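*Asks:* If you scroll down you'll find the structure; I have some questions about it.
The values are calculated or read from the model by the stated rules, or taken from the named source; none is laboratory data. Given the structure is predicted, the values throughout are model-derived calculations rather than measurements. Virtual Cβ from ideal backbone geometry, glycine too; neighbours counted across all protein chains shown. Areas reflect the complete protein model, heavy atoms only, side chains present, ligands, DNA and RNA absent. Shrake-Rupley method; radii C 1.70, N 1.55, O 1.52, S 1.80 Å.
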Amino acid sequence: MGRGKFKGKPTGQRRFSSAADILAGTSAARPRSFKQKEAEYEEDVEEESEEESEEESEDESDVKKKGTEALIEVDNPNRAKPKTLKARDLDASKTTELSRREREELEKQRAHERYMRLQEQGKTEQARKDLDRLALIRQQREEAAKKREEEKAARDAKKVDARK
């Protein structure tokens, strides 16, 4: 007999565990010893990987081949072969040409550094304007300080006159 459009989950009915089951660690949900089992599994995996690494270090020339590679010698020209270069094999005098974007980026950085050096020396137009503005502000501050001192001296003189 058909079950209809909506079928139940393949796990069957739900099982609820009681508080006693949870405390005892025998609940239907994840048992308390789950972490212990997981730790044991990880240790087993680590031991296997250590054994494999020892075997691989002994037989580095025997690389596991996929599919029919073990049976048939095939030279695929499209396959990327790992190129390992040692430091002594590298040619230090050989320089690679930069791409257009990299070259433009370097030029931009150098131009900015050159501009900043000129800016620090005060040779650019913007630097001259900034220095003029700073000189004007200094002059205004000095005048304001003198004015404050004169007002303070005048107040002190009034206090002294008022006491007499």
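*Asks:* I need the GluC sites (Glu not before Pro) found in segment 73-160, filtered to DSSP loop residues with at most 15 other beta carbons within 10 Å of theirs.
*Replies:* Values: sites: GLU73, GLU97, GLU102, GLU104, GLU105, GLU107, GLU113, GLU120, GLU125, GLU142, GLU143, GLU149, GLU150, GLU151; in loops: GLU73, GLU97.
Passing sites in segment 73-160 are GLU73, GLU97.
*Asks:* Give me the number: length gained by fully extending ARG103 to GLN126, i.e. 0.36 nm times residue separation minus the C-alpha to C-alpha distance, one decimal in nm. Intermediate values should be presented prior to the final figure.
*Replies:* Working: separation 23, 0.36 × 23 = 8.28 nm, distance 2.75 nm.
Extra length from ARG103 to GLN126 when fully extended: 5.5 nm.
*Asks:* Another question about this same structure. Over segment 99-163, what lengths in whole Å, largest first, do the semi-axes of the equivalent ellipsoid take, defined as the square roots of 5 times the eigenvalues of the alpha-carbon gyration tensor? Could the numbers behind the result be given before it?
*Replies:* Numbers: eigenvalues 583, 20, 7 Å².
The equivalent ellipsoid of segment 99-163 has semi-axes of 54, 10, 6 Å.
*Asks:* Once you have the Cα-Cα distance between ARG110 and ALA87, take 0.36 nm times their residue separation minus that, and quote the gain in nm to one decimal.
*Replies:* On the way: separation 23, 0.36 × 23 = 8.28 nm, distance 3.06 nm.
Between ARG110 and ALA87, full extension yields 5.2 nm more.
*Asks:* Leaving out ligands and nucleic acids, and using a 1.4 Å probe, what accessible area per residue does segment 99-163 come to in Å²?
*Replies:* Values: 6440 Å² over 65 residues.
Normalised by residue count, the accessible surface of segment 99-163 is 99 Å².
*Asks:* Can you count the Lys pairs in segment 99-163 with C-alpha separation below 23 Å, eight or more apart or on different chains?
*Replies:* Details: LYS108/LYS123; LYS146/LYS158; LYS146/LYS159; LYS147/LYS158; LYS147/LYS159.
Lysine pairs satisfying the spacing and distance rule in segment 99-163 number 5.
*Asks:* Further, regarding this structure: Ignoring any ligand, DNA or RNA, what whole percent of the accessible area of segment 99-163 comes from carbon and sulfur when the probe is 1.4 angstrom? Show your work: numbers first, answer last.
*Replies:* Numbers: 3130 of 6440 Å².
Here it works out to 49 percent.
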